[in-house]
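The values are calculated or read from the model by the stated rules, or taken from the named source; none is laboratory data. Since we're looking at a predicted model, the values are computed, not measured. Cβ placement follows ideal geometry from the backbone for every residue including glycine, while neighbour counts extend to all protein chains displayed.
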Amino acid sequence: MKVSAKRATSSAATGAPTNMEILERVRATIRERQLLPSSGGIVIVGYSGGADSTALLHLLTRLQAELNIQVHAAHLHHGMRAEADADVAVCQRVCAALGVPLHVERANVPALAHQHKLSLEEAGRNARYAFFERLTHQLNAAAVALAHTRDDQIETILINLLRGTGPRGLMGMPYKRDFIIRPLLDVPREQTHRYCAEQELPTVFDITNLDPHQLRRRVRAELVPTLQAIAPAFDRHLLRLATIIEAEEAWWEAQVRSALCQVRHRTPDGEHVTRAAFAELPLALQRRLLREWLREHLGTLNLPPFEVIEGIRQAAQTGERTSWQLSANLRLTTSPEALKLHSATPEPAPYAYPVSPGTPVLIPEAGAWLEVRPLEGVSPSILTPHTPDEALLDADAVQGQLVVRNGRKGERFQPLGMPAPKKLSDIFTDRKVPRTERWRLPLLCDETGILWIPTYTIAERAKITPATTRMLHARLYRNDAEP
């Protein structure tokens, strides 16, 4: 932890915005975006102790009487760093000085990441939002204010572009969604740091923010400066695009809901969309309607990637009979008559699809897609899979045609580090593969047998060794992954 509380050079001398100008900007954002109800109420600030959240906490306390709000602070101890206890002490000291109630909760984020097979970043985010939601209900709060800045918004849009987004991702983070508000989205990060220094507010710094493996860190340190050097006004242009798309997405939302009401039907045995009516819709509306329909059942974070949505749409357009497993308990089928959702999960039928390196393969039965890419001339020592659904394999270990398929009962497999093969069913039990997933899970295989069980293990025969000269990088994109 690094704590700072230095007084900055005066705003008049540097030409930077004054404290009053920053306060006015936050005040204007809250009013123009209608982030808070006119009746006011309790507002919880997500407070890490960093400069952004410290500035937001202090600014909102200055607006308490005007906005008729009572500010509380919420700090989640992630259980990841030795300095985290010292961070809590700094937060306690600031809140005591401001007269703000502080709510602290501890979470074991590494354990949560392991349990749910998530990255540390995603597990931490889920833990924070769950904490905020519980506290909101407990206090009957009007909102939770998060300290995302203008810079965070730019980075988020760029990250969405890199991951492969649709129009909605170009909006970036919303100023308000459900109980979450972001009053600092019009404030540059540099101003929050300057504000804390001028107000002599102690702040903490999370050293994990410097992790070079974090995509956001690389975007901030490498991509943004490069874009600024090429086009100094790129940030204004990007945010202007986000503003335009925000308005257009609001219009689209009304159109999609209206169209969905016309083609969707609910019956005692389930819910379906009439195929003939769906096929007559414009292409853009088909894609959006499918996403909205599935969003109601899967939630935003578990929506299928574009490739799966497009596969469903094309099957519906032609009337082809297909089956798509979208989650452990939701399946979608297409037929000449309708697109149907089914809550039952029958025993999966055998499936198999040939894999050509460099060409993504859709796997409808798993609601996922697989991509295998050849890697040559790269040292194995510098490569590490970033998610459990990635693997590096020795390309020379592959025998014949690559295939992605589900497991066969009675099949045997030798996992990495084991001296002999075991029954696949026993490996599923040992590795705690959920029963609902075991015989639907896509396996990367060759003509000899299994090479990789995504999330769990690769084959001993396919491991990378110092003698490896050619490698394959395999990645499985599930419904809840971000390709």
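Residues in segment 57-77: is at least one touching a residue at least 40 places away in the same chain (Cβ under 8 Å), touching a strand residue (DSSP E or B) at 6+ places or on another chain (Cβ under 6 Å) and surrounded by fewer than 17 Cβ atoms within 10 Å (Cβ to Cβ)?
Within segment 57-77, the subset touching a residue at least 40 places away in the same chain (Cβ under 8 Å) is 57-60, 63, 69, 72, 74, 76.
Still in the running and touching a strand residue (DSSP E or B) at 6+ places or on another chain (Cβ under 6 Å): 57, 60, 69, 72, 74, 76.
Those left that are additionally surrounded by fewer than 17 Cβ atoms within 10 Å (Cβ to Cβ): none.
No, the conditions are met nowhere in segment 57-77.
Take the residues of segment 57-89 that are part of a helix (DSSP H, G or I) and within 24 Å of residue 123 (Cβ to Cβ): which is modelled with the lowest pLDDT? Step through it out loud before you land on a result.
As a first pass, look at segment 57-89 and keep what is part of a helix (DSSP H, G or I): 57-62, 64-67, 84-89.
Still in the running and within 24 Å of residue 123 (Cβ to Cβ): 84-88.
Details: 84: 83, 85: 86, 86: 89, 87: 91, 88: 93.
Checked segment 57-89; the qualifying residue modelled with the lowest pLDDT is 84.
At least 2 residues that are more than 21 Å from the chain's Cα centre (by Cα) and farther than 30 Å from residue 334 by Cβ in each: list the helices (runs of 4 or more DSSP H) lying fully within segment 185-289 that qualify.
Values: elements: 189-198, 215-218, 224-230, 234-263, 275-279.
Where helices (runs of 4 or more DSSP H) fall fully within segment 185-289 and carry at least 2 residues being more than 21 Å from the chain's Cα centre (by Cα) and farther than 30 Å from residue 334 by Cβ, they are 189-198, 224-230, 234-263.
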Handout entry: Checklist (1) surrounded by 13 or more Cβ atoms within 10 Å (Cβ to Cβ); (2) in the same structural domain as residue 312 (by TED's automatic domain parsing) applied to residue 276, failing item
Key = (1)
Practice task
Can you work out which of the residues in segment 351-371 that are in contact with a Phe, Trp or Tyr (Cβ under 9 Å, 6 or more places away or on another chain) and either β-branched (Val, Ile, Thr) or part of a loop (DSSP other than H, G, I, E, B) (or both) is farthest from residue 269 (Cα to Cα)?
Solution key: 360
Practice task
State whether one or more residues within segment 321-332 are part of a helix (DSSP H, G or I) and within 20 Å of the chain's Cα centre (by Cα).
Solution key: no
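From 378, 403, which residue is over 19 Å from residue 431 (Cα atoms) and modelled with pLDDT of 90 or more? So that I can check it myself, show each step before the final result.
Numbers: 378 fails: modelled with pLDDT of 90 or more.
From the options 378, 403, the qualifying one is 403.
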Handout entry: residue 404 buried (at least 19 other Cβ atoms within 10 Å of the Cβ) and over 32 Å from the mean Cα position of the chain (by Cα)
Key = no
Handout entry: Pairs with Cβ under 6 Å, 6+ apart, first in segment 197-216 and within 20 Å of residue 76 (Cβ to Cβ) and surrounded by 15 or more Cβ atoms within 10 Å (Cβ to Cβ), second at pLDDT 90 or above and aliphatic (A, V, I, L, M)
Key = 202/90; 203/51; 204/90
Problem - Tabulated pairs, segment 393-415, first more than 25 Å from residue 365 (Cβ to Cβ) and assigned by TED's automatic domain parsing to the domain that holds residue 367, second among the small types (Gly, Ala, Ser) and outside any helix (DSSP H, G or I), C-beta under 7 angstrom, 6+ apart or interchain - result: 414/420; 414/459
Practice task
Filter segment 115-128 down to the residues that are free of Cβ contacts under 8 Å to residues at least 12 places away in the same chain and part of a helix (DSSP H, G or I), then identify the one that is farthest from residue 388 (Cα to Cα).
Solution key: 125
Practice task
Read through the list (1) in contact with a strand residue (DSSP E or B) (Cβ under 9 Å, 6 or more places away or on another chain); (2) in contact (Cβ under 8 Å) with a residue 40 or more places away in the chain; (3) not assigned by TED's automatic domain parsing to the domain that holds residue 440, then give the number of the only condition that residue 364 fails.
Solution key: (3)
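Take residue 341 and decide whether it is of a type outside the set (Asp, Glu), assigned to a strand (DSSP E or B), at pLDDT below 95 and over 30 Å from residue 254 (Cβ atoms). Don't jump to the end; show me each part of the working.
Details: of a type outside the set (Asp, Glu): yes; assigned to a strand (DSSP E or B): yes; at pLDDT below 95: yes; over 30 Å from residue 254 (Cβ atoms): no.
Criteria not met by residue 341.
Determine whether residue 285 is surrounded by fewer than 20 Cβ atoms within 10 Å (Cβ to Cβ), of a type in the set (A, V, I, L, M) and without any contact (Cβ under 8 Å) to a residue 40 or more places away in the chain. Spell out the reasoning first.
Working: surrounded by fewer than 20 Cβ atoms within 10 Å (Cβ to Cβ): yes; of a type in the set (A, V, I, L, M): yes; without any contact (Cβ under 8 Å) to a residue 40 or more places away in the chain: yes.
Yes, satisfied.
Every residue, every condition in (1) under 23 Å from residue 214 (Cα atoms); (2) touching a helix residue (DSSP H, G or I) at 6+ places or on another chain (Cβ under 7 Å); (3) outside the structural domain of residue 433 (by TED's automatic domain parsing), yes or no:
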residue: 84; (1), (2), (3): yes, no, yes
residue: 88; (1), (2), (3): no, no, yes
residue: 91; (1), (2), (3): no, no, yes
residue: 100; (1), (2), (3): no, yes, yes
residue: 109; (1), (2), (3): yes, yes, yes
residue: 130; (1), (2), (3): yes, no, yes
residue: 140; (1), (2), (3): no, no, yes
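With touching a Pro at 6+ places or on another chain (Cβ under 6 Å) and on the phi < 0 side of the Ramachandran plot as the only criterion, which of 78, 72 stands out? Walk me through how you get there before you give the answer.
Values: 78 fails: touching a Pro at 6+ places or on another chain (Cβ under 6 Å).
Within the list 78, 72, the selection yields 72.
Determine whether segment 215-231 contains at least one residue that is closer than 29 Å to residue 88 by Cα, in contact with a Leu (Cβ under 6 Å, 6 or more places away or on another chain) and not hydroxyl-bearing (Ser, Thr, Tyr).
Taking segment 215-231 first, the residues closer than 29 Å to residue 88 by Cα are 215-221.
Of the ones still in play, those that are also in contact with a Leu (Cβ under 6 Å, 6 or more places away or on another chain) are 219.
Still in the running and not hydroxyl-bearing (Ser, Thr, Tyr): 219.
The answer is yes, given that some residue of segment 215-231 is closer than 29 Å to residue 88 by Cα, in contact with a Leu (Cβ under 6 Å, 6 or more places away or on another chain) and not hydroxyl-bearing (Ser, Thr, Tyr).
Table: residues versus (1) aliphatic (A, V, I, L, M); (2) crowded, with 21+ Cβ neighbours inside 10 Å; (3) assigned to a helix (DSSP H, G or I).
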site: 105; (1), (2), (3): no, no, no
site: 110; (1), (2), (3): no, no, yes
site: 113; (1), (2), (3): yes, no, yes
site: 135; (1), (2), (3): yes, no, yes
site: 141; (1), (2), (3): yes, no, no
site: 153; (1), (2), (3): no, yes, yes
site: 165; (1), (2), (3): no, no, no
site: 170; (1), (2), (3): yes, no, yes
